[in-house]
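The values are calculated or read from the model by the stated rules, or taken from the named source; none is laboratory data. Because the structure is a prediction, the values reported are computed rather than measured. Note that we place each Cβ from the backbone using ideal geometry, even for glycine, and neighbour counts take in every protein chain shown.
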Amino acid sequence: MKIVEKTENQLTFVAKIPLNLANAIRRYVWQIPIFAIDEVEIFLNDSPMYDEALAHRLGLIPIKMEKSLDEKKVKLSLKVKKEGTVYSGDLEGDAKVVYKNMPIVILDKGQKLELVATGRFGKGSEHTKFSPGLLYYREVFELTTDKSLLEEFKKRFPSNKIEEKGGKITILDDQKKEIKDMCQSICKEKGKELELKETDEIVITIESFGQLPPEKIFKRAIECLKKDLSEVAKLAEKKI
């Protein structure tokens with residue numbers, strides 16, 4: 001496994017994983033239990049936003065996955081009387097939001113907003129608000145073409161590994177940014193042939209919405225997949 005790029009909420013790496021297994025892990029990102037606002041009781045809403053739209057927006061605010069959260073429901077309150085923008089950071093209670101500057105609604109002079117939100121654990125397969133992020137992947141290709149394009153490729157793709165052999169050059173498309181289509185366009189423009197060869201590696205990118213670090217999303221998706229496969233194996237043993 002080789003890390004290509006890592007930030008607070010995004011991780012890109014190269015690994016030798018079969019495509020069908022990578023796809024299973026991708027799907028199981030939506031099986032990770034995530035905490036989110038699920039019910040909203042609105043007592044006062046003078047804002048121009050309908051209650052339903054307001055509740056939907058609150059549900060999409062990422063909540064920190066702290067150890068203090070358990071399987072019980074947690075209350076968050078919002079009581080604002082000031083003129084201006086109401087932000088996610090104005091929510092108070094037993095849980096904390098990931099991003100405090102997410103705008104919820106704008107209040108004019110004299111308008112008020114008062115509500116109580118209830119949060120719980122859920123899965124992305126149930127509703128998007130319980131999703132921790134996204135996982136996507138692509139195959140790694142070796143691209144081989146005429147050596148006359150060496151300087152052009154070095155200039156366009158400085159982060160990619162380029163090897164020279166005889167009158168040919170081979171560039172590996174294993175970075176965060178896919179270059180296969182660009183290479184095809186360059187070769188077509190220059191009148192050169194481009195050979196594509198599949199490798200046994202794939203580039204995997206995980207984008208977190210903030211509740212969990214991207215590396216934890218990957219690990220927990222694998223754990224959820226293992227758990228379900230174990231249950232399937234037990235059921236199969238009983239039937240056979």
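Data for the structure
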item	result
Given (1) at pLDDT 95 or above; (2) surrounded by fewer than 16 Cβ atoms within 10 Å (Cβ to Cβ), number of the condition residue 67 does not satisfy	(1)
Pairs with Cβ under 9 Å, 6+ apart, first in region 222-240 and within 18 Å of residue 29 (Cα to Cα), second surrounded by 10 or more Cβ atoms within 10 Å (Cβ to Cβ) and among the polar types (S, T, N, Q)	224/31; 225/31; 227/31; 228/31
Residue match in region 181-192 (condition: outside any helix (DSSP H, G or I) and over 27 Å from the mean Cα position of the chain (by Cα))	yes
Residue 164 touching a residue at least 60 places away in the same chain (Cβ under 8 Å), outside any loop (DSSP other than H, G, I, E, B), outside the structural domain of residue 87 (by TED's automatic domain parsing) and not aromatic (Phe, Trp, Tyr)	no
Residue within region 193-214 that is assigned to a loop (DSSP other than H, G, I, E, B), farther than 19 Å from residue 10 by Cβ and outside the structural domain of residue 62 (by TED's automatic domain parsing) present	yes
Residue in region 109-124 that is more than 30 Å from residue 80 (Cα to Cα), among the aliphatic types (A, V, I, L, M) and touching a helix residue (DSSP H, G or I) at 6+ places or on another chain (Cβ under 6 Å) present	no
Options 121, 153, 141, 157; residue that is in the same structural domain as residue 65 (by TED's automatic domain parsing) and not β-branched (Val, Ile, Thr)	121
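Residue-by-condition table, conditions (1) part of a strand (DSSP E or B); (2) touching a residue at least 12 places away in the same chain (Cβ under 8 Å); (3) in the same structural domain as residue 38 (by TED's automatic domain parsing); (4) touching a strand residue (DSSP E or B) at 6+ places or on another chain (Cβ under 6 Å):
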{"residue": "82", "(1), (2), (3), (4)": "no, yes, yes, no"}
{"residue": "86", "(1), (2), (3), (4)": "yes, yes, yes, yes"}
{"residue": "89", "(1), (2), (3), (4)": "no, yes, yes, no"}
{"residue": "95", "(1), (2), (3), (4)": "no, yes, yes, yes"}
{"residue": "99", "(1), (2), (3), (4)": "no, yes, yes, no"}
{"residue": "105", "(1), (2), (3), (4)": "yes, yes, yes, yes"}
{"residue": "111", "(1), (2), (3), (4)": "no, yes, yes, no"}
{"residue": "115", "(1), (2), (3), (4)": "yes, yes, yes, yes"}
